[in-house]
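In what follows, a structure is listed as structure tokens, so that the remarks can point back to it.
Read the figures in this text as sums done on the coordinates, not as results from a lab. Because the structure is predicted, anything quoted here is derived from the model rather than measured. Here Cβ is always computed from backbone atoms with ideal geometry, including for glycine, and neighbour counts include all displayed protein chains.
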Amino acid sequence: MAYFRIVTIAILAIVPLINSEIYVEEKFENANWEEKWIYSKHPGKEFGKFVLTAGTFYNDAEADKGIQTSQDARFYAVSKKFKGFSNEGKPLVLQFSVKHEQNIDCGGGYVKVFDCSLDQTDMHGESPYEIMFGPDICGPGTKKVHVIFSYKGKNHLINKDIRCKDDVYTHFYTLIVKPDNTYEVLIDNEKIESGNLEDDWDFLPPKKIKDPSAKKPEDWDDKATIPDPDDKKPEDWDKPEHIPDPDATKPEDWDDEMDGEWEPPMVDNPEYKGEWQPKQLDNPNYKGTWEHPEIDNPDYVSDDKIYLRKEICVLGFDLWQVKSGTIFDNVLITDDIELASKTAAEVKNTQAGEKKMKEAQDEAQRKKDEEEAKKSSDKEEDDDEEEEDKDEPRPDSEQSEHDEL
């Protein structure tokens, strides 16, 4: 019996591993990565090229290699096709890393997933997609994480504002969509947003609407206070807001014929009390704010499969960048949440290595700048001394010889 229990436990431990799927795992480890990816040739767009690199600062020169945007002010459009799948009845995890090494000022850092109908050679900004996910930065006002789903042919943006990272180091972005219509967004393996798909997107009409047949009764009094009918305006209330300055005098050089009739400047009247308003009393007929009654929306139909993507077949980078230098890496599409978490957990080591190398580079550059500044300053001093020497008068003996000549 004990043997049976041990075998059963072992089998149960293995089952999740057997059932889990990895649909895409791309770490850009080989120089021939372009053989598996297709560049778009959509007309009318000036596309930039991706290059394989770990960047100028990194933790591991080989493991940190990814594809980097290499040309400023370009569109970028490259995609990879894989065996199509549906996420029906299981989680969908979309994860990748982004490193805005160039300290990006305006540009996208997101990915899109498509169904199998996409013409990869014609992929562009209007190509229909299933999901768009990832950071987007443009100036100080736009620093957000896009989470956009296609639903019944229309793209729906999340109703929440999710802020992205805007520094120069590697960050992992993870989207988890579950078959119970819930979702999670993680950055660097930390959950920053979650909720229900129906609540946080406008996929469906509202469950309740205002009753079109209901109207506020004509005798409904929603004024909390009313003017006191017995309150009267004091007889001495009305005073002008501005009066001639009593201390002003006509200048001695004022010429009425030339300058016109002199008038003193106007100043604020200290006795001015403003527009008179009667005192307010509690309204005895006040009924409160009228609330429009609601009814069930006849157009609302629940959908327990909002999460469902019937076919996912292509992953693409389709974006614009003003200043190039972003590195994309560690692309993962799976139904294994634990695997994604384990992969993203490595970001701490990556960031630590990047920061260490960058700080060393910055320090070396600082010293170099100081040395160059000192050399430049020394040269200026030498040049000034040479000019002073030229301007100094010659000794009397030299001057005399010159005079004799």
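Give me Tyr173, Tyr110, Tyr151 ranked fewest to most by other Cβ atoms within 10 Å of their Cβ, as a rough exposure proxy. Don't jump to the answer; show the numbers that get you there.
Values: Tyr173 27, Tyr110 23, Tyr151 17.
Sorted ascending by nearby Cβ count, the order is Tyr151, Tyr110, Tyr173.
What FRET efficiency, computed as 1/(1 + (r/R0)^6) with R0 = 56 Å and r the Cβ-Cβ distance, is obtained for Asp238 and Lys210, rounded to the nearest 0.05? Write out the running numbers ahead of the final one.
On the way: r = 46 Å, r/R0 = 0.83.
Using R0 = 56 Å, I get an efficiency of 0.75.
Note the full-extension length gain between Thr121 and Glu261 as 0.36 nm times their separation in residues minus their Cα-Cα distance, in nm to one decimal.
Numbers: separation 140, 0.36 × 140 = 50.40 nm, distance 8.24 nm.
Taking Thr121 through Glu261 to full extension adds about 42.2 nm, to one decimal.
Rounded, prolate or oblate: which fits the chain when a ≥ b ≥ c are the square roots of the eigenvalues of the alpha-carbon gyration tensor, with rounded for a/c under 1.5 and prolate only if a/b beats b/c?
In terms of gyration-tensor shape, oblate.
By count of other Cβ within 10 Å, fewest leading, how are Met258, Met123, Met266, Met132 ordered?
Met258, Met266, Met132, Met123
For region 245-261, in order, what is each residue's ³J(HN,Hα) by Karplus, 6.51 cos²θ - 1.76 cosθ + 1.60 with θ = phi - 60°, in whole Hz (x at glycine and Pro)?
Coupling constants for region 245-261: 5, x, 8, 7, 10, 5, x, 5, 8, 6, 10, 4, 5, 8, 9, x, 5 Hz.
Step through the residues of region 61-66 one at a time and calculate ³J(HN,Hα) from phi using the Karplus curve (6.51 cos²θ - 1.76 cosθ + 1.60, θ = phi - 60°), rounding each to whole Hz and writing x for Gly and Pro.
Along region 61-66, the couplings run 4, 8, 5, 8, 5, x Hz.
May I ask what percent, to the nearest 5, of DSSP beta bridges between residues of the chain are antiparallel?
Percentage antiparallel, nearest 5: 100.
Can you list the GluC sites (Glu not before Pro) in region 177-218 that are in a DSSP coil and have 10 or fewer other beta carbons within 10 angstrom?
On the way: sites: Glu184, Glu190, Glu193, Glu198, Glu218; in loops: Glu218.
For GluC sites (Glu not before Pro) across region 177-218 that sit outside H, G, I, E and B with at most 10 neighbouring Cβ atoms in 10 Å, the list reads Glu218.
Are there GluC sites (Glu not before Pro) in region 285-333 that DSSP marks as loop and that have at most 12 other Cβ atoms within 10 Å, and which are they?
Glu291
Would you list Thr182, Thr121, Thr350 from fewest to most Cβ contacts within 10 Å?
Thr121, Thr182, Thr350
Could you work out the local net charge near Asn330, counting Lys and Arg as +1, Asp and Glu as -1, over the other residues with Cβ closer than 13 Å to its Cβ? If you can, show how the numbers build up before the last one.
Working: positive: Lys27, Lys65, Lys99, Lys342; negative: Glu25, Glu26, Glu29, Asp60, Asp64, Asp188, Asp329, Glu346.
Once all neighbours under 13 Å are counted, the net charge is -4.
Relative contact order, percent, of the chain when contacts are C-alpha pairs under 8 Å separated by at least 6 residues?
On the way: 715 pairs, mean separation 114.8, N = 405.
Value for the chain: 28 percent.
Taking a virtual spin label 7 Å from the Cα of Asn297 along the C-beta vector, which residues in region 193-213 bring their backbone nitrogen under 20 Å of it?
Once the point is set 7 Å along Cα→Cβ of Asn297, 195-213 turn out to lie under 20 Å by backbone N, inside region 193-213.
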